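Report on the following structure.
The values are calculated or read from the model by the stated rules, or taken from the named source; none is laboratory data. It should be emphasised that the depicted structure is a prediction, and the values quoted were computed from it without experimental measurement. Positions of Cβ are backbone-derived with ideal geometry, glycine not excepted, and every protein chain shown enters the neighbour counts. Each accessible area value is taken on the protein alone, full model and side chains, heavy atoms only, with ligands, DNA and RNA left out. Shrake-Rupley method; radii C 1.70, N 1.55, O 1.52, S 1.80 Å.
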Amino acid sequence: MKWMAVVLLGAVTSCSAATVPTKAVTTGVAAPNASFASYHTFSFGLSDQPKTGYEVTARSLEVQRRLRPLVQEALQGRGYQEDDTKGDFVVKLATGTGAVLRPGAERVVGTPLAQGYIGIDIYDASSGGQVWQGSAFAEIDPEKVDDSLLKMGVAHMLATFPRRDVAGVASAP
């Protein structure tokens, strides 16, 4: 009888642990030689491929569609203006879906867990060199897009992106 209680307790604990959302992990890194003082405008370029281990899916393409206005709003909030013809820097977005590497987790919830990836890569328009890179990873529901998680990922990534002050000069975040 004791073994049955232990198994039941283990099953309940495993199920509840599987439903707890994991934290999103974000990074944002500027190139050491990047001079953001000369940047006033941005434009969007073609999408980049997701990081190795992530693949482009119909869901990740939907995420990318929703990601663009969030990035646009965040950059404008940091003092940059969008220029559809040719900005001072080019923003390339990347999204993908991969499997969560937790042995046995898929047996607990019944379907494989997924991890989403979003990336924002920024290139100098004149040289083509990458000047900034941000990425975020989070456990996701592969059946629906969580707009609040997406917005949080963008905000965390771009928190380190240089802000333009009222005089038009880039400053530290």
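Within the stretch 21-28, is there a residue that is in a strand (DSSP E or B), surrounded by 15 or more Cβ atoms within 10 Å (Cβ to Cβ) and modelled with pLDDT under 85?
Yes: one or more hits.
If the requirement is being open to solvent by 10 Å² or more (accessible area, probe 1.4 Å), over 19 Å from Asn33 (Cβ atoms), basic (Lys, Arg) and modelled with pLDDT under 90, which of these qualifies: Arg102, Arg78, Arg65?
So the residue among Arg102, Arg78, Arg65 that is open to solvent by 10 Å² or more (accessible area, probe 1.4 Å), over 19 Å from Asn33 (Cβ atoms), basic (Lys, Arg) and modelled with pLDDT under 90 is Arg102.
Exactly one condition in (1) over 28 Å from Asp141 (Cα atoms); (2) part of a loop (DSSP other than H, G, I, E, B) is not met by Phe42; state its number.
(2)
Quick one: His40 ticks every box in (1) at pLDDT below 90; (2) open to solvent by 60 Å² or more (accessible area, probe 1.4 Å) bar one, so which box is it?
Failing condition for His40: (1).
Restricting to the stretch 126-157, and then to whatever is part of a loop (DSSP other than H, G, I, E, B) and over 16 Å from Ala31 (Cα atoms), can you tell me which residue is least open to solvent (accessible area, probe 1.4 Å)?
Within the stretch 126-157, the match that is least open to solvent (accessible area, probe 1.4 Å) is Val145.
When Gly87 is evaluated against the numbered criteria (1) assigned to a loop (DSSP other than H, G, I, E, B); (2) open to solvent by 30 Å² or more (accessible area, probe 1.4 Å); (3) in contact (Cβ under 8 Å) with a residue 40 or more places away in the chain, which criterion, by number, is the only one it fails?
Result: Gly87 fails condition (2) only.
Output the residues belonging to the stretch 133-148 that are charged (D, E, K, R) and within 16 Å of Leu70 (Cα to Cα).
Scanning the stretch 133-148 gives Asp146, Asp147.
Condition (residue is touching a Phe, Trp or Tyr at 6+ places or on another chain (Cβ under 9 Å), assigned to a helix (DSSP H, G or I) and either without any contact (Cβ under 8 Å) to a residue 24 or more places away in the chain or surrounded by 15 or more Cβ atoms within 10 Å (Cβ to Cβ) (or both)) applied to the stretch 51-61: is it met by at least one residue?
yes
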